[in-house]
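Working notes for the structure below.
The values are calculated or read from the model by the stated rules, or taken from the named source; none is laboratory data. None of these values were measured; they are calculated from a predicted model. In this analysis, Cβ positions are derived from the backbone assuming ideal geometry, glycine residues included, and neighbour counts consider all displayed protein chains. To get the accessible areas, we keep the full protein, side chains included, count just its heavy atoms, and leave off ligands, DNA and RNA. Shrake-Rupley method; radii C 1.70, N 1.55, O 1.52, S 1.80 Å.
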Amino acid sequence: MARAALLGRLTWQLANVVELVEETARVRSIVLDPPAWPGHRAGQHVDVRLTAEDGYQAQRSYSIASAPEDGYLMLTVERLEDGEVSPYLADELRPGDELELRGPVGGYFVWEESLGGPLLLVAGGSGVVPLRAMLCHHRAVESIVPVRLLYSARSLEEVVYRDELMRMAAADQIDIRFTLTREQPEGWQGYGRRIDRELLDEVSWPPGEHPLVYVCGPTGFVEATANALVELGHEPARIRTERFGPTGG
Amino acid sequence: MNALDGNAIAGSLLDVFGAEMTTATGVCGSCGTSAPVAEFEVYLRAPGAVARCRSCRSVLMVLVTIRGLTCVDLRGLAALGLAPTSGG
Ligand SMILES: Cc1cc2nc3c(=O)[nH]c(=O)nc-3n(C[C@H](O)[C@H](O)[C@H](O)COP(=O)(O)OP(=O)(O)OC[C@H]3O[C@@H](n4cnc5c(N)ncnc54)[C@H](O)[C@@H]3O)c2cc1C
Ligand SMILES: [Zn+2]
């Protein structure tokens, strides 16, 4: 095994921070320009590594938010107050800084047009990040695969990519539904509760249509959603999941 | 709910095997359940990670990274198929 590692096909590289975009009060997108980028597939992620002056290193995974067709690499990071890595990425990083990363990695939580659909995307909080890449890819290739995104956030202010998602929803093939679990604005027409079996039953394609499902978000959210989908009769082998870790939202 | 899944170790596995491994199918040596590596239950714990079977919780893989070099112990797996899983 050690010998294989020495082949080092996956190498760390320093990417230049080109631009930072405030998405919500707690979430920021980082546009990067890695010197050697082989291209990626929608849904893949990168590993990011921070090194302190004393040599201490911390490594985390971040999904790629940009589509393969975009000419840049974008990550979107939610700040966790007591976190080791995310506050640095979401608050301290500045344009012109360099960020060490390796990737793209992952091949399971990936959607490309050839996989077809109908497609059901279910996001909890920052779990929307890789699903955004899939939606942007869908738009870039003008796919006719029908897509539904069900996105759970605490409040409308916490919906990441809000305006962009609203614009995408104008496409005939794309149907986007929000559920706001803590706070709903006055006159809110969307859902206002946590995702459960009934809500999934209402929003998802019938199991008989064999939808391809991608679920991403906090671990508890992903497990509850995937279990409910299986209970509703969806094929476990057509439900792909990606867990981001312990939950807030 | 601290567990992640096999997606979280995609980078380390690619580093070691020189190939994308999360779509590979692993067969649990204890209960025989087969699943894509991406669906394994994974706990990240410095300096590495532990992957368990979702059905019987047996340890399937142990990863250790020291000074940038990752080693993987596959002793809990009866088989690890390099061919991608079909359909999911
Ligand atoms: C494959 C993969 C893709 C990911 N993609 C993204 C992404 O696109 N954007 C993004 O923001 N994050 C993403 N994550 C999560 C990310 O890797 C980090 O876990 C997260 O940024 C927290 O790191 P930290 O160092 O700030 O917190 P840590 O120092 O690791 O943890 C600080 C505290 O927060 C808790 N905590 C840890 N992780 C989370 C979490 N996800 N939610 C709530 N509480 C948590 C811990 O239990 C601890 O109490 C992804 C994770 C994986 C495995
Ligand atoms: Zn088992």
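Filtered by the rule that a residue be touching a helix residue (DSSP H, G or I) at 6+ places or on another chain (Cβ under 6 Å), part of a loop (DSSP other than H, G, I, E, B) and crowded, with 20+ Cβ neighbours inside 10 Å, the stretch A:203-243 gives a lone residue, A:His234.
Only one of these is under 13 Å from A:Gly217 (Cβ atoms) and either in contact with a helix residue (DSSP H, G or I) (Cβ under 7 Å, 6 or more places away or on another chain) or more than 16 Å from ligand 2 (Cβ to nearest atom) (or both): A:Leu156, A:Leu150. Name it.
The conditions single out A:Leu150.
In the stretch A:110-130, how many are assigned to a strand (DSSP E or B) and surrounded by fewer than 24 Cβ atoms within 10 Å (Cβ to Cβ)? Residues meeting the conditions: 0. Can you name the residue in the stretch B:21-36 that is among the aliphatic types (A, V, I, L, M) and within 14 Å of ligand 2 (Cβ to nearest atom) and, of all such residues, is nearest to the other protein chains (Cβ to nearest Cβ)? Filtering the stretch B:21-36 for residues that are among the aliphatic types (A, V, I, L, M) and within 14 Å of ligand 2 (Cβ to nearest atom), the one nearest to the other protein chains (Cβ to nearest Cβ) comes out as B:Ala35. The residue that is nearest to the other protein chains (Cβ to nearest Cβ), among those in the stretch B:37-72 that are open to solvent by less than 30 Å² (accessible area, probe 1.4 Å) and more than 14 Å from ligand 2 (Cβ to nearest atom), is B:Ala38. In the stretch A:228-244, what residues are under 16 Å from A:Glu202 (Cα atoms) and within 12 Å of chain B (Cβ to nearest Cβ)? Hit for the stretch A:228-244 is A:His234, nothing else.
Report yes if some residue within the stretch A:166-186 is among the acidic types (Asp, Glu), outside any loop (DSSP other than H, G, I, E, B) and under 20 Å from A:Met134 (Cα atoms); otherwise report no. Yes, the stretch A:166-186 has at least one match.
Which residues, taken from the stretch A:183-196, are open to solvent by 40 Å² or more (accessible area, probe 1.4 Å) and under 17 Å from A:Gly217 (Cα atoms)? Correct list: A:Arg193, A:Arg194, A:Asp196. Just one residue in the set B:Gly11, B:Gly18 is touching a Lys or Arg at 6+ places or on another chain (Cβ under 7 Å), more than 16 Å from ligand 2 (Cβ to nearest atom), closer than 21 Å to A:Val110 by Cβ and at pLDDT 95 or above; that residue is B:Gly11.
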